[in-house]
1. Looking for something of a type in the set (A, V, I, L, M), modelled with pLDDT under 95 and not in a loop (DSSP other than H, G, I, E, B) - is there at least one such residue anywhere in segment 484-500?
2. Given the structure, is residue 201 within 16 Å of the ligand (Cβ to nearest atom), farther than 18 Å from residue 273 by Cα and either touching a residue at least 12 places away in the same chain (Cβ under 8 Å) or assigned to a helix (DSSP H, G or I) (or both)?
3. Considering only segment 117-135, I want to know if a residue exists there that is part of a helix (DSSP H, G or I), surrounded by fewer than 18 Cβ atoms within 10 Å (Cβ to Cβ) and either within 12 Å of the ligand (Cβ to nearest atom) or of a type in the set (Lys, Arg) (or both).
4. Output the residues belonging to segment 174-194 that are more than 16 Å from the ligand (Cβ to nearest atom), among the polar types (S, T, N, Q) and touching a residue at least 40 places away in the same chain (Cβ under 8 Å).
5. Being surrounded by 18 or more Cβ atoms within 10 Å (Cβ to Cβ), within 16 Å of the ligand (Cβ to nearest atom) and over 19 Å from residue 79 (Cα atoms), is that true of even one residue in segment 468-476?
6. Kindly provide the set of residues from segment 161-174 that are crowded, with 24+ Cβ neighbours inside 10 Å and over 26 Å from residue 399 (Cβ atoms), ordered by number.
7. Which ones in segment 359-405 are more than 12 Å from the ligand (Cβ to nearest atom) and either under 18 Å from residue 96 (Cβ atoms) or among the acidic types (Asp, Glu) (or both)?
8. Of everything in segment 374-416, what is in contact with a Pro (Cβ under 9 Å, 6 or more places away or on another chain) and more than 15 Å from residue 443 (Cα to Cα)? Give them in sequence order.
Amino acid sequence: MLTIGLFLTISFLVSVAGLAALIWAISSGQFAFGQRQARVIFHEGEEGELDDPTVSGEAIDRERTAIDASTARPVTLLLVAAVLWLVLGSVFGLIASLKLHMPDWLDGSAALTFGRVRTLHLTLVIYGWLSLAGIATATWITPRLFRTPLRSAGFITWGAMLWNIGLVAGLIAIASGWNDGEEWLEIPWQIDGLLAVGGALTVYPLLRTAFSREVEHIYVSGWYYLAGMMWFPALFIIANIPYVFVGAEQATVNWWFAHNVLGLWLTPLGLGAAYYFIPKIIGKPVYSYALSLLGFWALALFYSQVGIHHLIGGPVPTWVVTLSVVQSVMMFVPVLAVAINQHVVVARNLWAFRASLPLRFVSLGAIMYTLASFEGSLEALRSINTVTHFTQFTIGHAHLGAYGFASFIMFGGVYYMMPRITGRPWPWPGLIAAHFWCVVVGFALYFTALTIGGWLEGEAMLDASRPFSASVILLKPFLEGRSLGGAIMTLGHFLFAINVAAILLPRSASRAAVAA
Ligand code: HEM
């Protein structure tokens, strides 16, 4: 009773806050937009020019020197941590993958058993890599959108430190067998407070910057960022409240949280970045600015109940699951809006796609957002879910979203931002291309293996005439294919880390490298 009351009260308060935001947006003319507003990201004379520091070699953006200087320190700190966690998280992912077809490998230590290694991988890539890279990108882009230097930047530095301390404590806890026992929420709730306070400290400067902005209109990336910064803390704090949700309720809250991490946290961070980088690099506004705000509001409206499709067949009320299936299918609306907007501008400017590696990363990420979302809507249908549930197909889908979409956009963003942050060009452009091809080839292998293998696994499990072991045996070559793909992706991540380390080296060392 307490739980339902609490839920209803929170939902009511959140809805009222959302309504207030909508009323404010309408009354302050935020909806009176057209292509003119889509151009707020350009300064005079920038339209029609390819803007890519990896191509021009011009590292400093002279129009925005003061703004970029205000974000340089906190963004560098966040990105360095994110890249380190990505490399470590990938190594754990690879170990987990190998253990699925070599179960006797590394079986002497409890910390290296599959359950803990998998959890370390997930925690590292979501809370270490994607969240920190996403916050860094938002911190860098937001002041540019508002043409205002970042306010209270020191808060972000403190927030990043607290977040990382919490993450390290959480990883040690998980490795030693102490966790909350819920997927995506394994860090013990006693430690989660550090991440909550750290996260809040990183949000405050962005809000202050938004309030002191020099431009009237908030560009669509700003909507995604500001909303994501409100949604995620609410999700994280509610889902981590101990001793309130138990049994089937706990599973419901767990999947409400876990899926919303993708839709209301990683999606705003990824789409906010894509909406900035794609038109900015190409030098042309998005296809239809009006459509972009339709996409935003449709996401806000439909996403929050999507996660319960993970519990189809579970002991939760049928109406809750059906509501989730309907909302999952409604997600076609925002996804189509984003797809039309972002893909059309790239398709009309393929010369830019060929010329710019950051654009290639970001626009491929945007394409994978479309694919992951369409696939997710279909997977929510009961007829398809019956085959794919409990199989590796779902893992392939999770990587299409968290890796193909969110991580690719972050890779491209880092390659665009770092020269602007450091004032130095990338020392080894060839290594950026090597990173690109490693992650493209590795991920293609990874995704294809799990999608085909997972579907066959599901069909084998549904076939009453075949023993369960048949589904395990048929899966083995696909799991080996995943390990090969994952190893190539991990190699790409090492190259990425080398690139980031190289551009951060003192100027003389970079120059020597270029000369060599
Ligand atoms: C940025 C990079 C990555 C991200 C964001 C990511 C994300 C994820 C997510 C969200 C899950 C949970 C999937 C689910 O339960 O539905 C997962 C599980 C997993 N990932 Fe990754 N991943 C990344 C890289 C890798 C790499 C390089 C490998 C290497 C092979 C890998 C192997 C695995 C494995 C083996 C699992 C567990 C699968 C299972 O439980 O059957 N991941 N990852």
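1. no
2. no
3. There is no residue in segment 117-135 that is part of a helix (DSSP H, G or I), surrounded by fewer than 18 Cβ atoms within 10 Å (Cβ to Cβ) and either within 12 Å of the ligand (Cβ to nearest atom) or of a type in the set (Lys, Arg) (or both).
4. Result: 176, single match.
5. Restricting attention to segment 468-476, the residues satisfying the condition of being surrounded by 18 or more Cβ atoms within 10 Å (Cβ to Cβ) are 471, 475.
Still in the list and also within 16 Å of the ligand (Cβ to nearest atom): 471, 475.
The next check asks that each one be over 19 Å from residue 79 (Cα atoms); those that pass are 471, 475.
Scanning segment 468-476 turns up at least one residue that is surrounded by 18 or more Cβ atoms within 10 Å (Cβ to Cβ), within 16 Å of the ligand (Cβ to nearest atom) and over 19 Å from residue 79 (Cα atoms).
6. none
7. Of everything in segment 359-405, just one residue is more than 12 Å from the ligand (Cβ to nearest atom) and either under 18 Å from residue 96 (Cβ atoms) or among the acidic types (Asp, Glu) (or both), namely 375.
8. Residues of segment 374-416 in contact with a Pro (Cβ under 9 Å, 6 or more places away or on another chain): 411-416.
412, 413, 414, 415, 416 - these are the residues of segment 374-416 that are in contact with a Pro (Cβ under 9 Å, 6 or more places away or on another chain) and more than 15 Å from residue 443 (Cα to Cα).
The values are calculated or read from the model by the stated rules, or taken from the named source; none is laboratory data. Note that the structure is predicted; figures quoted are calculated from it, not measured. With ideal geometry, Cβ positions are generated from the backbone for all residues, glycine too; neighbour counts draw on all protein chains shown.
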